[in-house]
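Asker: This structure is in C-alpha cells; I'll ask about it shortly.
The numbers here are math on the coordinates, done by the rules we state, and not lab data. Keep in mind that this is a model prediction, so the values were computed, not measured.
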Amino acid sequence: MTGNMTLTDALKEHFGFDKFKGNQQAIIESLISGRDTFVLMPTGGGKSLCYQLPALISEGTAIVVSPLIALMKNQVDAMRHFSANDSVAHFLNSSLTRTAIDQVKADVSAGLTKLLYVEPESLTISENI
C-alpha cells in the first residue's frame, strides 16, 4: 500500500465497501505479511476478496487457478467493473482465441494485470508458461 492508505481505505477504493466481512481483514493482513494462510469459508463468505485485494495492493500478478470457466469470467468481469483498467484482470483458458491469448500475455508482461485466472490444464501447456 502507498502512503497512509489503510486496508479499509483500499477496500473502499477498489470495491466500494466500508468494512470487511467476518475474518477478511485478518486473512488479508496474514497474506500481505507473507504468511502461508489456509482459508475455508462458505459460499458467499467473501473468499474472493481475500485474494483480490492483496493482489491489487501488492506488486506483480496473482495467479488464481480455477477449473470453472464461467467463474473465471464472472470474477474478471467483476474486477473490471471496479477498475478503470480493463487489463487489471484476465483469464487464460480454452475459450480464448489465439489473438485474445496474445493480448493477455502482452498485458501480463507489461505489468498491467494484477489477477490472472487460469484453468489447471493451461498450466501444463508450455507456451503458457
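Asker: Classify the stretch 25-87: rounded, prolate or oblate, from the alpha-carbon gyration tensor (a ≥ b ≥ c, eigenvalue square roots; a/c under 1.5 rounded; otherwise prolate if a/b is larger than b/c)?
Answerer: Numbers: a/c = 1.81, a/b = 1.24, b/c = 1.46.
Cα axes put the stretch 25-87 in the oblate bin.
Asker: Along its three principal axes, how long is the chain when you only count alpha carbons? Whole Å, largest extent first please.
Answerer: Taking max minus min along each principal axis of the Cα atoms, the chain gives 40, 31, 26 Å.
Asker: Also, quick follow-up: What's the extension gain from residue 96 to residue 36 if we count 0.36 nm per residue and subtract their Cα-Cα distance? Mind dumping the intermediate values first?
Answerer: Values: separation 60, 0.36 × 60 = 21.60 nm, distance 3.22 nm.
18.4 nm is the gain from fully extending residue 96 to residue 36.
Asker: If each Cα of the stretch 58-129 is one equal point scatterer, what is log10 of I(q)/I(0) from the Debye formula at q = 0.16, 0.22 Å⁻¹?
Answerer: At q = 0.16, 0.22 Å⁻¹ the computed log10 ratios are -0.50, -0.98.
Asker: Enter the Cα centre distance for the pair the stretch 1-44 and the stretch 70-129, rounded to the nearest angstrom.
Answerer: The stretch 1-44 and the stretch 70-129 have Cα centres separated by 23 Å.
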